[in-house]
Every structure is written in C-alpha cells, then in structure tokens.
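The values are calculated or read from the model by the stated rules, or taken from the named source; none is laboratory data. Quick caveat: nothing in here was measured; it's all calculated off a predicted structure. All Cβ positions, even for glycine, are placed from backbone atoms using ideal geometry, and neighbour counts span all protein chains on display. Note: areas computed on protein heavy atoms with side chains; ligands, DNA, RNA excluded. Shrake-Rupley method; radii C 1.70, N 1.55, O 1.52, S 1.80 Å.
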Amino acid sequence: ITLIYPAYSYAGVKGVVIAGVIVSAMTTTYYLSVLHKVLGIHIRDSLGWVYYKKGMYKEALIEIQKAVELEKEDPLILEHLGDVYIKLDRNDAAMEAFEKSLQFHEKEEGLKERIEEKIGNLKKGVQ
C-alpha cells in the first residue's frame, strides 16, 4: 500500500498526499525527515544486533554506534553498545555505555535490573 505519493497540479508538484490528505511539500519533507531519523535509529540498532548475534562484533559496533549518534538517550541501544564492547574486550567502554543506559532506564521496563547485573558482572570480572 502506498500512502505517500506526489499531488500534482498544472503548476507541478505542490505537496504530497499522505493517507488521503494533501500536505505541503515543506511539511511533508519535515515529517519524512523525522520518520527517516526514527527508522534509521532502529534499523541501525537492529542490524547491529543481528551482527552481534552472528558473532560479527566489529560490524555490530559500527551499526550500533551510528544508532547512538542518532539517539543518545535510548537505554536499549546503549545496552546493546555495552554488550558489543564486552565482546570486543573493551570493558571500560562497556561500563560507560551501561552507566549511560541507567540514566534513561525508566523508558524500558526491566532494564535497570538487567544493566545493574551487567555492571556488577563487569566489576567482578565476569563476562
């Protein structure tokens, strides 16, 4: 189903039809950029997590770092970043990512306990 397509007039493209409503080109561009950013964050994180699960930790790090650049306050993405750092034996960086994740834990149920356990394990030297 195509929800977004150009709205034409005799003068050319004036805007875009989104779910049956003509929206100005400026408004459309704004909303598409927001949608792209939101999708970009989660696509990067998801791709990074797939790499992580396949043991491709360097590739995972690249994708998850890009997600963090787009959204610095997402606790789950920061947790994923910490998990990747652990696999790459970068425990100090993992600790930093987990501590940042804790700052935003209220956005994700059960995250605080999970992160505190990971931080405790890092302090004990358990991975």
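Modelled label-to-label distance, Lys66 and Lys87, 7 Å Cα→beta-carbon offset: nm? Output for this residue pair reads 1.7 nm. In summary, the aspartates and glutamates within cross-link reach of Lys112, defined as a Cα separation below 12 angstrom excluding same-chain residues under 8 places away, comprise Glu79, Glu99. The apolar share of the surface of the stretch 33-121, taken as the fraction of accessible area on carbon and sulfur atoms (1.4 Å probe, ligands and nucleic acids excluded), comes to 52 percent.
Among 73-86, 45-58, 112-125, 91-104, the peptide with the highest mean count of other Cβ atoms within 10 Å heads the list, and the full ranking is 73-86, 91-104, 45-58, 112-125. Let's test the formula: R0 of 25 Å, r as the Cβ-Cβ distance of Glu116 and Leu39. What FRET efficiency results, to the nearest 0.05? Plugging the Cβ-Cβ distance into 1/(1 + (r/R0)^6) gives 0.25.
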